[in-house]
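Notes to accompany the following structure.
The values are calculated or read from the model by the stated rules, or taken from the named source; none is laboratory data. Computed from a predicted structure; not experimentally measured. Heads up, the Cβs are rebuilt from the backbone with ideal geometry, glycines too, and the neighbour counts pull from every protein chain shown.
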Amino acid sequence: MRMRKPLIITVLMALLGLSNLYPQQQSITDYLAECERKYGSDADLVNGEKYFYPYRQSLGDPFFFTDSRSAVITIHDKEFKGQQLRYDIFNQKLVLDYRDLYGAISSLVLRNEWVESFVFERQRFIKMEGPEGDVGFFQLVTDGPTACVYKWSKNHQLNLTSGVQSYYFTEPVKESFLMIDGQFYPYRNNSTFLKVFDPEIQKPLKQFMRQSKIKVKKAPDSQIRHLVEYCNSLSYEDS
């Protein structure tokens, strides 16, 4: 049984474009040393393969979670568990944190086009084409004939309340969508959620939402999953 290369090795080889060097190196230590000799520690490497945090003068941060979280990352159908990941929802980048050969924490920007999905403990994100035709990561809340996905973002704004010019990051902004037959249907509240469905489904669905005291704008993921599962059961009965 062939052993998988560690994620760090695979990503470094891919991101730095030095795959052809690997067979020539006797160890990963030699390989990383060759990367440093060739590229140095310049922050302006090709598209920022090495990550340097650029917002130290701003309040807040651009991440989904402020701290690095353990995640399962899928790259080219291969799962890599227990990776420390930060999801930059302002720039839509994935930052991998790891310890180098000397025990220091380093960071790399993963190539979005190679990452298929990543999963934190309770949130799963998949790469897909969005409603505007742009490819990005969406949180898959629940799957099925009717699915629910979220698109997360943050804004970087000028702080106008102080006398000194400064910037800050807003709280995460969530755009909610139902997906039916590959089409995106945005919703913001119970009314716009109900309008996605056919009239014969809306009545029992509205009753279910009232009885379950569901307000989709603030409902937790678990409640949304329960609701969408009920939507799918109604659609199945209607067919």
Failed criterion for Asp134 (all others in (1) out of contact with any Ser or Thr (no Cβ under 7 Å at 6 or more places or on another chain); (2) modelled with pLDDT of 95 or more hold) | (2)
Filter the stretch 210-233 down to the residues that are polar (S, T, N, Q) and assigned to a helix (DSSP H, G or I), then identify the one that is nearest to the chain's Cα centre (by Cα).
-> Ser222
Pair list, Cβ under 7 Å, 6 or more apart: the stretch 156-178 residue under 22 Å from Arg188 (Cα atoms) and touching a residue at least 60 places away in the same chain (Cβ under 8 Å), other residue of a type in the set (Val, Ile, Thr) and not in a strand (DSSP E or B) | Pro172/Ile89
If we ask which residues in the stretch 207-225 are loosely packed, with under 14 Cβ neighbours inside 10 Å and touching a helix residue (DSSP H, G or I) at 6+ places or on another chain (Cβ under 7 Å), their number turns out to be 1
Listing of strands (runs of 3 or more DSSP E) fully contained in the stretch 145-209 that carry 3 or more residues being modelled with pLDDT under 95 and more than 21 Å from Gly130 (Cβ to Cβ) | 156-159, 166-169
The stretch 71-120, residues that are part of a loop (DSSP other than H, G, I, E, B) and within 26 Å of His156 (Cα to Cα) | Ile89, Phe90, Asn91, Gln92, Arg111, Asn112, Glu113, Phe120
